[in-house]
Amino acid sequence: MADIVKLYTHCKAETTIIRNRLKEAATLTGGHDPRRDYGGKFGDWSDPRNRFYIITNVIGTDIKSVKSNRLKGHRTAVAGLEQHGGAMTLRVDGNHRRKKGVTGHLAWFYPSVRDLLPFVILLLIKTRFNVSVITGLRVGSYYFRPLALKFGGAERTVQFGAPKFKSGNDPNAEPSFVHAICLKKPYAHPFQVISTLQELTSPLREEIARQIGELRARIRTAPAETALLQKLEKIKNDLFIYYAQGEVNSLRSYAETGDTPGIYALSLKNLGFDMSLMSIRSASLAFGTKLEGSTQSVITMLADHKSPRTEKHYRNRQQLHDEYQTLFIDVFELSMSLIRANKFSKSNLKLLLEAQRLSANEVSNLLLEGRLTRWGNRCSDPYHPPTAFGHGTAPGQLCASQACIDGCSRARWFPEALDILKRRCQELLARVADLSLAATMQSSIHGRIERCEAIISEIEQAEAHQHDGNS
């Protein structure tokens with residue numbers, strides 16, 4: 001138990017190093033070429049912004065051998081980088097330091113296999129998924145859903161769903177999922193861990209895409225190039241990808257064999273943790289019930305959903321969804337009664353709105369021309385959004401959330417909303433097309449599409465009836 005607590009704390013500290021590396025890379029702008037032949041002066045190589053300039057504008061971030069850089073005439077540039085440390089990297093012995101040379105400076109862009117270890121361990125502890133599920137994660141295959149549960153005050157609770165890993169999956173079969181519940185805010189919980197991993201490995205996915213495009217464009221490819229293309233196609237969407245010895249690799253390859261990198265066992269041993277990744281998973285229940293008290297304990301139990309007693313919390317989420325649907329239908333009908341009335345003079349609208357028991361101020365706001373939300377509707381009281389719909393709105397300010405389409409009682413749609421609604425609907429449909437079913441199912445996006453389409457249909461029907469009446 002004590003080892004798990006120490007390991008958890010240690011891994012949080014290591015992920016902080018990686019997060020700081022990402023932040024540091026974002027600040028390294030405004031540098032120039034420090035080479036003497038290009039106007040560089042004494043001391044220019046010591047400025048990390050100038051070395052960042054060299055790696056991005058001279059040597060380039062495309063993955064290739066150091067030897068090829070020298071052959072291309074970058075000998076001075078490579079030598080300059082070898083004299084200074086680049087990004088802070090994680091070490092097997094725990095004595096983390098800045099690595100010199102091209103590889104050390106590429107670490108601002110590309111993680112190593114050791115850099116990924118603390119993220120794997122945090123996910124093992126927090127989810128209790130097996131190692132293969134975690135190392136086999138692919139971008140777009142997992143999802144986070146909102147839940148009707150609250151822990152730790154205002155911290156939002158979400159359900160993390162990941163497909164079970166099977167090396168021989170039928171590509172046409174629907175995947176089975178395992179689930180864990182986590183808080184959205186703490187950076188050591190799955191939501192923030194996955195978010196950081198996506199940011200950390202995104203440049204590598206871009207490099208994979210570049211290499212795939214380059215290999216596909218070649219008329220003829222050597223056997224080694226064909227093998228490389230097949231490998232890159234296979235790992236291009238993997239979450240746990242890393243840079244090593246001039247190549248891109250993925251932890252998913254270990255998931256397929258049921259193994260883990262030897263460097264991970266060595267790192268844990270050198271850090272004083274005589275355990276395997278598998279044993280970390282087995283010990284995580286004790287961690288959940290003792291380290292963080294009742295909050296973590298309850299979340300861990302709910303994630304198992306092995307009995308009707310714990311499953312009720314999942315049913316609560318469906319009940320919340322149903323309540324939102326009912327709320328939207330009520331607001332929708334109030335708007336549709338306005339559209340169906342087909343009498344949009346201010347005097348007629350005022351009578352209709354008053355009949356809906358709106359105050360004089362609310363009626364005035366709805367009749368105010370030009371004040372539309374991002375969904376094209378008008379709002380009866382934009383400075384006082386209902387609690388469930390005003391996330392991020394400061395007191396006395398205009399509603400920042402504008403989640404009107406979810407059923408806000410302040411919202412009313414008039415025919416003028418048609419063009420905006422169509423644009424929003426197309427944007428949502430495009431997002432769904434870019435994501436897998438697993439990534440969007442049970443999310444708000446499908447409900448929003450349905451609501452947009454319903455309002456669009458009602459407005460178009462009303463306009464058609466009006467045209468027929470005028471013919």
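The values are calculated or read from the model by the stated rules, or taken from the named source; none is laboratory data. Since we're looking at a predicted model, the values are computed, not measured. Methodologically, a virtual Cβ is constructed for each residue, glycine included, from the backbone with ideal geometry; neighbour enumeration extends over all protein chains shown.
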Practice problem: Would you mention how many residues in segment 247-266 are touching a Ser or Thr at 6+ places or on another chain (Cβ under 7 Å) and in a helix (DSSP H, G or I)? | Solution: 5
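Looking only at segment 239-246, decide whether some residue is in a loop (DSSP other than H, G, I, E, B) and aromatic (Phe, Trp, Tyr).
So far as segment 239-246 goes, yes, one or more of its residues are in a loop (DSSP other than H, G, I, E, B) and aromatic (Phe, Trp, Tyr).
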Practice problem: Output the number of the condition that Thr89 fails; it satisfies all remaining conditions of (1) among the polar types (S, T, N, Q); (2) out of contact with any Lys or Arg (no Cβ under 6 Å at 6 or more places or on another chain); (3) under 28 Å from Gly262 (Cβ atoms); (4) buried (at least 17 other Cβ atoms within 10 Å of the Cβ). | Solution: (2)
Quiz item: Looking at segment 20-34, is at least one residue in a helix (DSSP H, G or I), of a type outside the set (Val, Ile, Thr) and either touching a His at 6+ places or on another chain (Cβ under 8 Å) or on the phi > 0 side of the Ramachandran plot (or both)?
Solution: no
Quiz item: Counting just the residues of segment 193-238 that are of a type in the set (Asp, Glu) and part of a helix (DSSP H, G or I), which one comes out surrounded by the most Cβ atoms within 10 Å (Cβ to Cβ)?
Solution: Glu207
Quiz item: If you go through segment 30-47 one residue at a time, how many are surrounded by 10 or more Cβ atoms within 10 Å (Cβ to Cβ) and in contact (Cβ under 8 Å) with a residue 12 or more places away in the chain?
Solution: 10
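Can Ile17 be described as outside any loop (DSSP other than H, G, I, E, B), in contact with a strand residue (DSSP E or B) (Cβ under 9 Å, 6 or more places away or on another chain) and either among the hydrophobic types (A, V, I, L, M, F, W, C) or not assigned by TED's automatic domain parsing to the domain that holds Ile208 (or both)?
When the stated conditions are applied, Ile17 passes them.
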Quiz item: Within segment 387-396, can one find any residue that is assigned to a loop (DSSP other than H, G, I, E, B), aliphatic (A, V, I, L, M), in contact (Cβ under 8 Å) with a residue 24 or more places away in the chain and out of contact with any Leu (no Cβ under 9 Å at 6 or more places or on another chain)?
Solution: no
